[in-house]
Amino acid sequence: MPFPAERPRRLRRTPALRRLCRETRLSVSSLVLPLFVREDIAAPVAIPSLPGHRQETVDSTGAAVEQALAAGVGAVLLFGVPTRKDAVGSEAWNSDGIVQSALRSLRGRFGDDCVLIADCCLDEYTDHGHCGVLREDGSVDNDATLPLYARAAVSQARAGADVVAPSGMMDGQVGAIRAALDAAGFAETSILAYSAKYASVMYGPFRDAADCAPRSGDRRGYQMDAGNSREAVREARLDVAEGADMVMVKPALTCLDVIGRVRAAVDVPLAAYSVSGEYAMIAHAARAGAFDERAAALEALAAIHRAGADIIISYHALQAARWLREE
Ligand code: PBG
């Protein structure tokens, strides 16, 4: 027998063979584009740590969504950047708040053509920057926070969100939101649970974009520790039991193993959030000449998809959708 008998390289010989034999394929409709909608600005404001991204007005959000839809992107994820912040984050459930205004405008303009996902948390809305209300000692009060998430979720559903995405990592948040949505007549509004959200340095640029860095302390008391992955499976199972329609692992590139584990443990669609710092690493390194941005971004997205993510939230979503269509 000639040596070697097994020749995997045969199937790598030409681009056409490689295309034919590819095990996983990312589709543009699996990509979700995050957008920041800011109150009280007359024109979009660039975000230097996230090159190519901006804080949008309600009008410019519409234009961004139009571009995303034209490129085939599957959904947008909206974050609000309000002008008024207070200790409890009350702008989060203001029916005329910035995210609610954007949701109404997008729903009116695009109907059901665009899946609208609303991040549901308090950190963009609280003056202290934490994801929940604080006790006297400065710690986050889990159970006092739940009804506030529920109010925010109902107000987002009323404004037109298809999906609400609780990202605060409070225990019981999915159950509290599900019960409130059902009671308010929004049984058909879905929940995408940020189930395994790690305390990560990778959220740095986002905190500039959404102006939500905690004024004191950090988020380690509610977000997950980098050393853990069994805990991620536990969190995902709890969220499914509480009524989550989809679950999420976040960040993505530093959690490929976690994506694989959660994929094997639950049957609902799994999203991975390739966060602001992941985008920034690629975008800034490419601008410094380290590598080609397109190749780096598509390699990262392929890895996240291969690990088991059905849906990928990425700041490269728009560009990647265009690149994938050219391939
Ligand atoms: C919290 C939230 C954060 C992100 C999404 N939702 C910030 C945080 O937990 O500090 C980060 C996303 C990113 O970095 O792209 N509402």
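The values are calculated or read from the model by the stated rules, or taken from the named source; none is laboratory data. Here the structure is a predicted model, which is why all the values come from computation and not from measurement. Ideal geometry is used to build each Cβ from the backbone, glycine not excepted, and the neighbour counts take in all protein chains shown. Quick note on the areas: whole protein, heavy atoms, side chains included, nothing else; ligands and nucleic acids left out. Shrake-Rupley method; radii C 1.70, N 1.55, O 1.52, S 1.80 Å.
Give the distance, in whole Å, between the Cα centre of segment 246-324 and the Cα centre of segment 19-90.
16 Å
With only Lys, Arg, Asp and Glu charged, each at its Cβ (+1 for the first two, -1 for the last two), find how big the charge dipole of segment 128-245 is about the Cα centre; round to the nearest 20 debye. Don't skip to the answer; put the middle values down first.
On the way: 12 positive and 17 negative charges, 27 e Å.
Around 140 debye, computed over segment 128-245.
Taking only Cα atoms and a 10 Å spring cutoff, compute GNM fluctuations for the chain and point out the largest among Ala317, Ala288, Ala209.
Ala288
Can you tally the net charge around Val154? Count Lys and Arg as +1, Asp and Glu as -1, for every other residue whose Cβ sits under 12 Å from the Cβ of Val154.
Working: positive: Arg151, Arg158, Arg178; negative: Asp182.
For residues surrounding Val154, the net value is +2.
Taking N as the number of residues in segment 61-132, what is its alpha-carbon radius of gyration divided by 2.2 N^0.38 Å? Mind showing how you got there, number by number?
Values: Rg = 13.4 Å, N = 72, 2.2 N^0.38 = 11.2 Å.
For segment 61-132, the normalised Cα radius of gyration is 1.20.
What are the principal axis extents of the Cα atoms in segment 29-87, in Å, biggest first?
Cα spread of segment 29-87 along its principal axes, largest to smallest: 37, 24, 23 Å.
At R0 = 30 Å, how high is the FRET efficiency between Ser95 and Ala144 if r is their beta carbon distance? Nearest 0.05 is fine.
0.85
Apply the a/c threshold of 1.5 to the C-alpha gyration tensor of the chain and tell me whether it is rounded, prolate or oblate.
prolate
Give me the percent relative contact order of segment 27-326, please, defined on Cα pairs under 8 angstrom at least 6 residues apart. Don't skip to the end; give the middle numbers.
Details: 617 pairs, mean separation 56.6, N = 300.
Taking the mean separation of contacting Cα pairs over the length of segment 27-326, I get 19 percent.
Just to be sure I understand: with springs between alpha-carbon atoms less than 10 Å apart, which residue in Leu20, Leu146, Leu134 has the highest mean-square fluctuation in the Gaussian network model of the chain?
Of the options given, Leu20 has the highest mean-square fluctuation.
Hey, any idea what % of the chain's accessible area is carbon plus sulfur with a 1.4 Å probe? Write down the numbers at each step before the final one.
Values: 7440 of 14660 Å².
The value for the chain is 51 percent carbon and sulfur by accessible area.
Rounded to the nearest 5, what % of the DSSP beta bridges within segment 38-136 are antiparallel ones? It would help to have the intermediate numbers written out before the result.
Values: 2 of 8 bridges.
Of all bridge pairs located within segment 38-136, approximately 25 percent are antiparallel.
For the chain, with only Lys/Arg (+1) and Asp/Glu (-1) charged at the beta-carbon, what is the dipole magnitude about the Cα centre, in debye rounded to 20? Don't jump to the answer; show the numbers that get you there.
Details: 36 positive and 42 negative charges, 340 e Å.
Dipole about the Cα centre, nearest 20: 1640 debye.
Hey, in the GNM for the chain with a 10 angstrom Cα cutoff, which one of Arg287, Arg38, Arg234 fluctuates hardest?
Arg287
Pop the C-beta distance of Ala285 and Asp171 into the FRET formula with R0 = 45 Å and round what comes out to the nearest 0.05. Present the calculation step by step, with values, prior to reporting the outcome.
Working: r = 37 Å, r/R0 = 0.83.
Taking R0 as 45 Å, the efficiency between Ala285 and Asp171 is 0.75.
Quick one: length gained pulling Asp211 to Arg322 fully straight, 0.36 nm per residue minus the C-alpha distance? Write out the running numbers ahead of the final one.
Values: separation 111, 0.36 × 111 = 39.96 nm, distance 2.95 nm.
Length gained, Asp211 through Arg322: 37.0 nm.
Need one number: % antiparallel among DSSP beta bridges in the chain, to the nearest 5. It would help to have the intermediate numbers written out before the result.
Working: 3 of 38 bridges.
So the antiparallel bridges amount to about 10 percent of the total.
With a 1.4 Å probe and all protein chains left in place, how much accessible area per residue does segment 1-115 have, in Å²? Let's see the in-between values first.
Working: 6320 Å² over 115 residues.
That works out to 55 Å² for each residue.
Apply 1/(1 + (r/R0)^6) to the Cβ-Cβ distance of Asp127 and Glu23, taking R0 = 51 Å, and write down the FRET efficiency to the nearest 0.05. All intermediate terms of the calculation are to be shown ahead of the outcome.
On the way: r = 49 Å, r/R0 = 0.96.
Efficiency, from the Cβ-Cβ distance: 0.55.
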